[in-house]
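Read-outs throughout are calculated quantities, based only on the coordinates presented, and are distinct from any laboratory measurement. Keep in mind it's a predicted model, so treat the numbers as computed, not measured. Here Cβ is always computed from backbone atoms with ideal geometry, including for glycine, and neighbour counts include all displayed protein chains.
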Amino acid sequence: MTKINEASRQWWHEETEGIAFTHALDMTLLHSEQSPFQKIEIYEHEIFGRILTLDDLVQASHADEFMYHEMAVHVPLLGRRRENAEVLIVGGGDGGILREVLVHDFVTRVVMVEIDERVVEVSKEYLAINGDYRDPRVELIIGDAAEYMREARRKNDQFDVIILDLSEPVGPSASVFTREFCENFSACIKADGVVLDSDSIFVGKERAYFLQELCGDKDQNLVSIMQSDKLLPHAAAYRSIVQLYPAAEFGFFLYSHDGYDYSQPIKSHTGRHYNAGLHKASFALPTWWKTNLGF
């Protein structure tokens, strides 16, 4: 582990394999280490605040993390009336998804599975955007999510909402970008439950691309697997913007057994980004989404 005590200002370029498109940020490196799974770094940017990168890809920043975390959580949780909701978070090491899930008192159980304990620890120390891991509703599991899902399926452990808060399909995340993983989480969602996935979307001259397919193997794209194989027969989408993610378009994808319409919030909630009006408006999709992405 290397801790940088003196200012180390530098131009940093995001490692965007296969995209030929990059961010360049003038930042100060605060912390750098190589965990058993990946390179973890924390930077300070004059405008955007602290920024977490994993293997040279931006994961979260003080400036915009709430845009992603609030839209990922409150749409599936407030889009349907629930009592005693059980939530599974896959990934989510920065803790922002957990923070937003714990806002709701009807959530009675939260399991968070993160492979890299150092991401949790470093994020707590430098970002401090996390939910309360000591909350009695929370079970934090440090381990491989692919193995966890196999075991959960074997035990018939099911959830109302599963949130896939994954980095790109490189490094430790690669093990979950498989059809087997999709089969397992599909077996662990309740009949009236919903799985949330997300990805940045690029529009090329010929078609639209998911960041997952550009960064990894073209088959390592959960949206396409779920659409084509219909492991959960219904897929829907809504859109948002996360300013430091490497595309102007960011998509959230909902997979379910029953095709329930999550576009109408069942109660009011106002966050820094999320509100009931934005919830409803986010389901208005551009025409090219319908023609290129099948939604």
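List of remarks:
- Max mean-square fluctuation residue, GNM over the chain, Cα-Cα springs under 10 Å, options PHE21, PHE48, PHE185: PHE21
- Sequence-separation-based contact order of the chain, relative, with Cα cut under 8 Å and 6+ spacing, percent: 16
- Each Cα pair under 8 Å and six or more residues apart adds its separation to the average, and for the stretch 19-130 the resulting relative contact order is 21 percent.
- Rounded to 5, percent antiparallel among DSSP beta bridges of the stretch 23-176: 50
- The stretch 233-284: relative contact order in percent, alpha carbon pairs under 8 Å with at least 6 residues between: 37
- Sequentially through the stretch 63-76, phi angles give Karplus couplings (6.51, -1.76, 1.60; θ = phi - 60°) of 5, 9, 4, 5, 4, 6, 5, 5, 6, 5, 9, 6, 5, x Hz, Gly and Pro residues having no value and appearing as x.
- Restriction of the GluC sites (Glu not before Pro) in the stretch 55-96 to DSSP coil positions whose beta-carbon has at most 10 other beta-carbons within 10 angstrom yields GLU83.
- When the charge dipole of the chain is built from unit charges on Cβ atoms (+1 for Lys and Arg, -1 for Asp and Glu) and taken about the Cα centre, the candidate among TRP288, PHE202, GLN243 whose Cα reaches farthest toward its positive end is TRP288.
- Taking the charge dipole of the stretch 98-203 about its Cα centre, with +1 at Lys and Arg Cβ atoms and -1 at Asp and Glu Cβ atoms, the residue from VAL107, CYS182, ALA152 reaching farthest to the positive side is ALA152.
- Share antiparallel - DSSP beta bridges, the chain, percent rounded to 5: 65
- Amide H within-cut-off set for VAL194, under 5 Å, with H built and near neighbours excluded: VAL161, ILE162
- Karplus (6.51, -1.76, 1.60) ³J(HN,Hα), θ = phi - 60°, over the stretch 159-164, in Hz, Gly and Pro reported as x: 10, 7, 9, 10, 10, 8
- If a spin label sat at a point 7 angstrom from the Cα of GLN264 along the line to its beta carbon, the backbone N atoms of the stretch 56-92 nearer than 14 Å would be those of 79-81.
- In this structure, the residue pairs whose Cα-Cα separation is over 32 Å, taken from LYS205/LYS280; LYS155/LYS280; LYS267/LYS290; LYS155/LYS290; LYS124/LYS230, are LYS155/LYS280; LYS155/LYS290; LYS124/LYS230.
- Over the residues of the chain, the helix contribution to mean residue ellipticity at 222 nm works out to -6500 deg cm²/dmol, using -39500 (n - 2.57) for each DSSP H run of at least 4.
- For Rg/Rh (Cα atoms, Kirkwood Rh), the candidate list reads (1) 1.14; (2) 0.94; (3) 1.00; the entry that matches the value derived from this model is (2).
- Taking amide H as placed 1.01 Å from N in the peptide plane, the amide H of ALA85 sits under 5 Å from that of VAL107, THR108, each at least 5 places away or on another chain.
- Placing a pseudo-label 7 Å from each Cα along the Cα-to-Cβ vector at ASN156 and ARG272 gives an inter-label distance of 4.3 nm.
- In order along the stretch 132-149, phi translates into HN-Hα couplings of 8, 5, 8, 4, x, 7, 9, 10, 9, 10, 8, x, 6, 5, 4, 5, 4, 5 Hz, rounded to whole numbers, per the Karplus curve 6.51 cos²θ - 1.76 cosθ + 1.60 with θ = phi - 60° and x for Gly and Pro.
- Around the Cα centre of the chain, unit charges on the Cβ atoms of Lys, Arg, Asp and Glu (plus for the first two, minus for the last two) sum to a dipole of about 1020 debye.
- GNM result for the chain, Cα springs below 10 Å: residue of GLY143, GLY277, GLY96 fluctuating most strongly: GLY277
- Candidates GLY93, GLY204, GLY79: whichever shows maximal mean-square fluctuation once the chain is modelled as a Gaussian network with Cα springs under 10 Å: GLY204
- DSSP beta bridges fully contained in the stretch 41-112 are about 65 percent antiparallel.
- For the pair LYS280 and HIS13, label points projected 7 Å from Cα toward Cβ lie 4.6 nm apart.
- Along the chain, longest interval not containing exposed trypsin sites (Lys or Arg not before Pro), exposed being DSSP loop plus at most 12 other Cβ atoms within 10 Å: 1-80
- A cut-off of 5 Å between modelled amide H atoms, ignoring neighbours fewer than 5 places along the same chain, links ILE189 with PHE159.
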